[in-house]
Amino acid sequence: MGSGHGKKRAVVTGAARGIGKAVVGRLLAEDIEVLAVDIDEDRLNNLTDEGCSTRVVDLSDHSQREALAGDAAGYDYLVNSAGMLRVKPIFEVTVEEWRAIQTVNAESVFFLCQGIGPKLNPGGAIVNLSSSSAKLATSTDVAPYAASKTTILSITRSFAYALADRPVRVNAICPGIVDTEMQDNFLAGVAKKRGITAAELDAQRKKAVPLGRGASAEECAGLIWFLLSDEAAYMTGQALNFTGGTVNW
């Protein structure tokens with residue numbers, strides 16, 4: 001149904017950088033109207049030149065999430081791409097750090113699905129960004145992040161059932177190594193703790209990938225668009241790996 005002049009509309013969180021920004025670009029290329037949401041106002045301002053609307057939202061603030069949901073009636077798609085990652089040894093994580101990560105990465109996904117999902121037009125779809133770390137524990141220096149991404153898998157399944165009769169489909173993707181700023185920060189933090197360079201760590205990790213490389217954010221955006229599109233009209237409650245073969249369950 002979309003907006004008055006026929007275009008479908010999407011809300012994308014974490015839209016100012018990384019996979020979220022790539023999703024914005026892909027949706028605009030598919031002639032979708034986009035509301036780009038992020039906490040980073042400066043970077044959001046750069047997106048207005050690309051033809052989308054923007055909104056500064058702190059997703060750790062429930063009142064701001066509620067306000068966003070309150071204005072989201074009549075949209076067709078929701079992409080929950082916002083997330084935060086901190087590198088810290090598992091035995092040194094504080095309660096405050098744990099809660100900060102869960103609030104942005106998991107709590108915001110739950111309450112945006114709750115607040116926006118029932119308002120999406122019938123035939124709409126939601127894609128939540130999980131991670132291969134939801135299934136692997138090979139880097140314990142990001143344990144709270146991994147826990148939040150595992151929670152997203154459960155949130156996705158629950159809302160897939162809850163919204164099926166609308167019908168609104170809810171799926172997730174589990175990316176592995178993706179060339180983004182978050183990945184750069186991860187490499188820098190973990191490499192420092194292991195006493196090697198970020199480039200050395202990057203090479204080690206990619207050597208373990210069957211396809212031998214990382215993914216681009218644009219490749220991830222392609223899979224997300226597939227899950228939003230009518231091509232995936234019979235898929236809901238799924239978590240698709242996007243790991244170059246590293247994870248196959």
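Please treat every number below as a calculation from the coordinates, not as lab data. Just so we're clear, the structure is a prediction, and the values are computed from it rather than from any experiment. Heads up, the Cβs are rebuilt from the backbone with ideal geometry, glycines too, and the neighbour counts pull from every protein chain shown.
With respect to (1) under 17 Å from V23 (Cβ atoms); (2) not in a helix (DSSP H, G or I), the lone exception for M84 is condition (1).
Could you look through the stretch 151-187, keep only residues that are in a helix (DSSP H, G or I) and without any contact (Cβ under 8 Å) to a residue 24 or more places away in the chain, and pick out the one that is surrounded by the most Cβ atoms within 10 Å (Cβ to Cβ)?
To start, the set of residues in the stretch 151-187 that are in a helix (DSSP H, G or I) comprises 151-162, 181-187.
Then drop every residue that is not without any contact (Cβ under 8 Å) to a residue 24 or more places away in the chain, which leaves 154, 158, 184, 187.
Details: S154: 14, S158: 15, D184: 12, L187: 19.
If we take residues in the stretch 151-187 being in a helix (DSSP H, G or I) and without any contact (Cβ under 8 Å) to a residue 24 or more places away in the chain, then L187 is surrounded by the most Cβ atoms within 10 Å (Cβ to Cβ).
Residues in the stretch 27-65 that are over 15 Å from L78 (Cβ atoms), in a helix (DSSP H, G or I) and not aliphatic (A, V, I, L, M): E41, D42, R43, N45, N46, T48, D49, E50, H62, S63, Q64.
Among the residues of the stretch 123-138, those that are in contact (Cβ under 8 Å) with a residue 24 or more places away in the chain and either assigned to a helix (DSSP H, G or I) or surrounded by fewer than 16 Cβ atoms within 10 Å (Cβ to Cβ) (or both) comprise G123, S132, A134, L136. Scanning the stretch 188-236 for residues that are of a type in the set (V, I, T) and in a helix (DSSP H, G or I), we see that the one that is surrounded by the fewest Cβ atoms within 10 Å (Cβ to Cβ) is V190.
Scan the stretch 23-52 for residues that are hydrophobic (A, V, I, L, M, F, W, C) and surrounded by fewer than 24 Cβ atoms within 10 Å (Cβ to Cβ) and report the count. Outline the logic, then answer.
Within the stretch 23-52, the subset hydrophobic (A, V, I, L, M, F, W, C) is 23-24, 27-29, 32, 34-37, 39, 44, 47, 52.
Adding the requirement that they be surrounded by fewer than 24 Cβ atoms within 10 Å (Cβ to Cβ) leaves 28-29, 32, 35, 39, 44, 47, 52.
Counting residues in the stretch 23-52 that are hydrophobic (A, V, I, L, M, F, W, C) and surrounded by fewer than 24 Cβ atoms within 10 Å (Cβ to Cβ) gives 8.
Let's see how each residue does on (1) among the hydrophobic types (A, V, I, L, M, F, W, C); (2) out of contact with any Phe, Trp or Tyr (no Cβ under 7 Å at 6 or more places or on another chain); (3) part of a strand (DSSP E or B):
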residue: L78; (1), (2), (3): yes, yes, yes
residue: A100; (1), (2), (3): yes, yes, no
residue: T103; (1), (2), (3): no, yes, no
residue: S108; (1), (2), (3): no, yes, no
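Taking Y145 as the residue in question, decide whether it is out of contact with any Pro (no Cβ under 7 Å at 6 or more places or on another chain), surrounded by fewer than 20 Cβ atoms within 10 Å (Cβ to Cβ) and in a helix (DSSP H, G or I). If you could, list the steps in order and put the result at the bottom.
On the way: out of contact with any Pro (no Cβ under 7 Å at 6 or more places or on another chain): yes; surrounded by fewer than 20 Cβ atoms within 10 Å (Cβ to Cβ): no; in a helix (DSSP H, G or I): yes.
So Y145 does not fit the description; no.
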